[in-house]
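The values are calculated or read from the model by the stated rules, or taken from the named source; none is laboratory data. Being a predicted model, the structure only gives us computed values, none of them experimental. Cβ atoms come from the backbone with ideal geometry, glycine included; neighbour counts cover every protein chain shown.
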Amino acid sequence: MRPSVGVVIPTRGDRPGPLLAALTGVLAQDYAGRVDVVVVADGVPAFLVAQQVSMPDSGADSGAVRGVRVLGNRSARGLPGARNTGISVLGTDLVAFCDDDDLWLPGKLAAQVDALAEEPAAGFASCAVEVEYGDRRVPRLAGTGRVTHRHLTRSRMMMVHSSTFLFRRGWAWVDESAPGGQNEDWDLALRAAWRHPIVHVDRPLVRVRWGSSHYAGRWADRIAGLEWMLARHPGLAAEPRGAARVYGQLAFCHAALGRRREAARWSLRAFSARPGEPRAAMALAVAGGLVSPRAVLHALHVRGHGI
């Protein structure tokens, strides 16, 4: 028998259309094993979310078992707590995440389950993504079938995205101390890769939709999240390329808040770690009033990249 899979979909209840699409994408997976879906309402009564969620046609074979339930966040308010609430109520062999504004594409679940089965020592899987921004869709591949801890210290590797995560139950919990829920997925991936390289299916099997994120523009939270990562994972500062990336992001966030002195300080650290770090240059351009942070992000997003 195929292993059972539990899927956690956190939501604030303010994106009913994308939520229903995310749920439909999960239920439509051509997977012969049992799939249990838990929609976790964060900061809103569960019954309001339940009213938004009709039971879409799964499109799956009649022999497949699908179950959906909606419950409120029983842990710390925020994305990490909502994810942990979902994990805690599942009794499945495997656990997966899907954000309420993302979409699983056909074949996602079966491909990852097969990849995990081929490497019994592994406990965590991801896959490549397709970034949707406006009317553009850009594939983002990792170029590898194994994502190591060093991969994730050198680069955030955005294709190792929370909506791609599939792991053996008991392998991972989300750290609820992440400030504002920032970088909880990067932290989780780093901890998983430290135990064993992440099995990666390098095909775009998840569509990540940009443009409606709850985190966009929350510059102070992003600063706190990056500083939290530096404190939790010293290896980030020890890897020049990874350090320059984080320092450049910090410089950009400070520049977006109009903190020119802090933007210059972090830019200098970024250039010291890696001369020519592009994020530091972008930060200085924003701090100098040459371009707006929104314009920079738009130019990056249409290419499937973030800051």
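What are the residues in the range 1-32 that are closer than 12 Å to Thr92 by Cβ and either in contact with a strand residue (DSSP E or B) (Cβ under 6 Å, 6 or more places away or on another chain) or part of a helix (DSSP H, G or I) (or both), if any?
Pro3, Val5, Gly6, Val7, Val8
Restricted to the range 140-176, and to residues that are touching a residue at least 24 places away in the same chain (Cβ under 8 Å) and small (Gly, Ala, Ser), which residue is surrounded by the most Cβ atoms within 10 Å (Cβ to Cβ)?
Ser163
Could you tell me whether Leu250 is more than 18 Å from His151 (Cβ to Cβ), modelled with pLDDT of 95 or more and in contact with a Leu (Cβ under 7 Å, 6 or more places away or on another chain)?
Numbers: more than 18 Å from His151 (Cβ to Cβ): yes; modelled with pLDDT of 95 or more: yes; in contact with a Leu (Cβ under 7 Å, 6 or more places away or on another chain): yes.
It is true that Leu250 is more than 18 Å from His151 (Cβ to Cβ), modelled with pLDDT of 95 or more and in contact with a Leu (Cβ under 7 Å, 6 or more places away or on another chain).
Could you check the range 127-162 and list, in sequence order, the residues that are polar (S, T, N, Q) and touching a Phe, Trp or Tyr at 6+ places or on another chain (Cβ under 6 Å)?
Residues of the range 127-162 polar (S, T, N, Q): 144, 148, 153, 155, 162.
Matches in the range 127-162: Ser162 only.
Which numbered condition in (1) in the same structural domain as Asp93 (by TED's automatic domain parsing); (2) over 15 Å from the mean Cα position of the chain (by Cα); (3) modelled with pLDDT of 95 or more is the only one that Ile198 fails?
Single failed check for Ile198: (2).
Tell me which of these Tyr247 doesn't satisfy, since it passes every other one: (1) surrounded by fewer than 23 Cβ atoms within 10 Å (Cβ to Cβ); (2) not assigned by TED's automatic domain parsing to the domain that holds Pro139.
Checking Tyr247 against (1) surrounded by fewer than 23 Cβ atoms within 10 Å (Cβ to Cβ); (2) not assigned by TED's automatic domain parsing to the domain that holds Pro139, the one that fails is (1).
Can you name the residue in the range 260-307 that is part of a helix (DSSP H, G or I) and hydroxyl-bearing (Ser, Thr, Tyr) and, of all such residues, is surrounded by the fewest Cβ atoms within 10 Å (Cβ to Cβ)?
Top of the filtered list is Ser272.
What pairs come up if the first residue lies in the range 17-40 and is in the same structural domain as Arg169 (by TED's automatic domain parsing), the second is among the polar types (S, T, N, Q) and in a loop (DSSP other than H, G, I, E, B), and their beta carbons are under 6 Å apart, counting only those six or more places apart or on different chains?
Here the result reads Leu27/Ser58; Ala28/Ser58; Gly33/Ser4; Arg34/Ser4; Asp36/Thr92; Val40/Asn73, each pair linking the range 17-40 to a residue that is among the polar types (S, T, N, Q) and in a loop (DSSP other than H, G, I, E, B).
Checking Met157 against (1) at negative phi; (2) of a type outside the set (Gly, Ala, Ser); (3) touching a strand residue (DSSP E or B) at 6+ places or on another chain (Cβ under 9 Å), which test does it fail?
(1)
Could you list, in sequence order, all residues of the range 1-18 that are of a type outside the set (Gly, Ala, Ser) and either in contact with a Cys (Cβ under 8 Å, 6 or more places away or on another chain) or surrounded by fewer than 22 Cβ atoms within 10 Å (Cβ to Cβ) (or both)?
Selection gives Met1, Arg2, Pro3, Val7, Val8, Ile9, Arg12, Asp14, Arg15, Pro16, Pro18.
Given (1) under 14 Å from Pro80 (Cβ atoms); (2) modelled with pLDDT of 95 or more; (3) surrounded by fewer than 20 Cβ atoms within 10 Å (Cβ to Cβ), where does Gly225 come up short, assuming only one miss?
Against the list (1) under 14 Å from Pro80 (Cβ atoms); (2) modelled with pLDDT of 95 or more; (3) surrounded by fewer than 20 Cβ atoms within 10 Å (Cβ to Cβ), Gly225 comes up short only on (3).
Could you say whether any residue in the range 229-245 is part of a helix (DSSP H, G or I), closer than 30 Å to Val26 by Cα, under 17 Å from the mean Cα position of the chain (by Cα) and touching a residue at least 24 places away in the same chain (Cβ under 8 Å)?
no
What's the total number of residues in the range 275-293 that are at pLDDT below 95 and basic (Lys, Arg)?
Final tally of qualifying residues: 0.
Taking the options Pro204, Pro179, name whichever one is crowded, with 17+ Cβ neighbours inside 10 Å and touching a strand residue (DSSP E or B) at 6+ places or on another chain (Cβ under 8 Å).
One residue alone meets the criteria, Pro204.
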